[in-house]
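Where a number appears in this text, it was derived from the coordinates with a stated rule and is not lab data. On a predicted model such as this, the values are computed, not experimentally measured, just so you know. With ideal geometry, Cβ positions are generated from the backbone for all residues, glycine too; neighbour counts draw on all protein chains shown.
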Amino acid sequence: MKIKDEDNIKEEQVWLLTYADMMTLLFAFFVLLYSMSSPDPVKKSQLQEGMAEALGIQGKESMDMQSQSEINETIKDIIEELDLEGKASIKADPRGVAMEIEGDICFESGSTNLGEPLKEILNLATDKILSNINDYRLVVIEGHTDADAIPEELKEIFPTNWELSAARASKVVNYLIDIGVNSGKLQASGYADRWPASLNWSQVRGGAVTDSVIFANNKTPEQKRLNRRIKIIFTKN
């Protein structure tokens, strides 16, 4: 009688195999979706902060330095205060909060002399974000250009757009150091024309930038204007 009862139980639980297979497939599907996504670092940070607050967790790091969402709000305030809507914006970047500034208000054509609007942005960013001595996060300054060739009269100084973009990023770093920002957390990077404004971080890192893509993204004056820019990334760590 006991053996018969056990056989009945096994027959009744056959559905568990199918259920377990379905759960495994669903798990693999959602992992695949997440791996293909580009989560907004600010929203992710806000979610983490909300969970930490709900659990009553507050570490030394959160007390000593601004969160990603706070930096996001501070940059919005800077843009509004300086009336730079349309000239500066916040871009999604997996590395952290990224502030993108239109190149034409940063530098004159072929020059590495900082424009006054850029200086005002850097001054406020230093006062409101970068002056925190307990914040050790890396701040990356990126220089980006359009695909126009360097004029002949400037080629002795900047042979290509690589040198120009790197020099401009370095000028921003030097200015920040001069006004008191810790040089140890600053990094300058030049991307020349190899990161068109329409492409995101994942596309650039994934090898989507080709000569044909560069050409397609530099056909019009408006595209070129958008490509000429300075980007400041306030990283997560």
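Rounded to the nearest Hz, the phi-derived 3J(HN,Hα) couplings of region 207-220 under the Karplus curve 6.51 cos²θ - 1.76 cosθ + 1.60 (θ = phi - 60°) are x, 6, 7, 10, 4, 5, 5, 4, 4, 5, 9, 9, 7, 10, where x marks glycine and proline. For the peptides 201-207, 222-228, the ranking by mean Cβ contacts within 10 Å, running from highest to lowest, is 222-228, 201-207. For the set Lys185/Lys231; Lys119/Lys219; Lys76/Lys236; Lys119/Lys231, the pairs lying more than 24 angstrom apart at their alpha carbons are Lys119/Lys219. In order along region 112-123, phi translates into HN-Hα couplings of 10, 7, 5, x, 4, x, 5, 4, 5, 4, 5, 5 Hz, rounded to whole numbers, per the Karplus curve 6.51 cos²θ - 1.76 cosθ + 1.60 with θ = phi - 60° and x for Gly and Pro.
Count Lys and Arg as plus one, Asp and Glu as minus one, and take only other residues whose Cβ is under 10 Å from that of Asp146; the net charge is then +2.
Between Asn123 and Lys236, the FRET efficiency from the beta-carbon distance, with R0 = 30 Å, is close to 0.80. Each of Asn132 and Glu80 was given a label point 7 Å from its Cα along the Cα-to-Cβ line. The distance between the two points is 2.0 nm. Counted residue by residue at 0.36 nm each, then reduced by the alpha carbon distance between them, the extension gain from Arg205 to Glu163 reaches 13.0 nm. Estimated from the Cβ-Cβ distance and a Förster radius of 35 angstrom, the FRET efficiency linking Lys185 and Asp21 is about 0.10. Between amide H atoms placed 1.01 Å from N, distances below 5 Å from Ile150 occur with Asn161, all of them 5 or more places distant or on a separate chain.
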